[in-house]
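These notes are about the structure you will find just below.
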Amino acid sequence: MDNRQAMGSWLSGPRAAMEDAGADFGYRGEQLGLPEEGPNSIARPGRRLGALAVDWGLCVLIAYGLITRGYTPATSNWALLVFFAMSALTVGTVGSTPGKRLFGIRVVALRTGTVHPGRSLLRTFLLCLAIPALIWDRDGRGLHDRLAQTVEVRS
């Protein structure tokens, strides 16, 4: 193995290294019964991060313009509260936030397909803690999605 192969396997992560060694993990969402591509397939991390950035930017603008009327140290705290309210309400009712809608993503419950408001509150609370969202499983679902029994899929 030359240096480039070693560096490439390190940068690609353990999943890519195991797949190069012959392990077959299948595609993301296969264990959940979701298609590999197209509508209802697992949303990719880039789309999810883009939607999160749009939602956070919208919440900062609301906190900046309507609540604190300028930038203060409390603006970020208010933005988090606005994010919690917006995410819990919109995911619990229509299944997506404005950012998710813009990026073509929706949140669905694994069993029923629609997110119950209680699941939405749990998911949003864990998302606001940030750490559960950074722990992913092999399907690309964060710990907040696993605990709420939800998944983000493409529309």
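Descriptive notes on the structure:
- The set of residues in the stretch 67-92 being at pLDDT below 95 and of a type in the set (S, T, N, Q) consists of THR68, THR72, THR75, SER76, ASN77.
- Matching entry among GLY104, GLY57, GLY99 (being in contact with a helix residue (DSSP H, G or I) (Cβ under 9 Å, 6 or more places away or on another chain) and more than 15 Å from GLU152 (Cβ to Cβ)): GLY57
- Pairs, first at positive phi in the stretch 71-98, second assigned to a helix (DSSP H, G or I) and at pLDDT 95 or above, C-beta under 8 Å, six or more apart: none
- Check on ARG28, of a type in the set (D, E, K, R), part of a helix (DSSP H, G or I) and either modelled with pLDDT under 85 or surrounded by 14 or more Cβ atoms within 10 Å (Cβ to Cβ) (or both): no
The values are calculated or read from the model by the stated rules, or taken from the named source; none is laboratory data. Since the model is a prediction, treat every value here as computed from it, not as a measurement. Methodologically, a virtual Cβ is constructed for each residue, glycine included, from the backbone with ideal geometry; neighbour enumeration extends over all protein chains shown.
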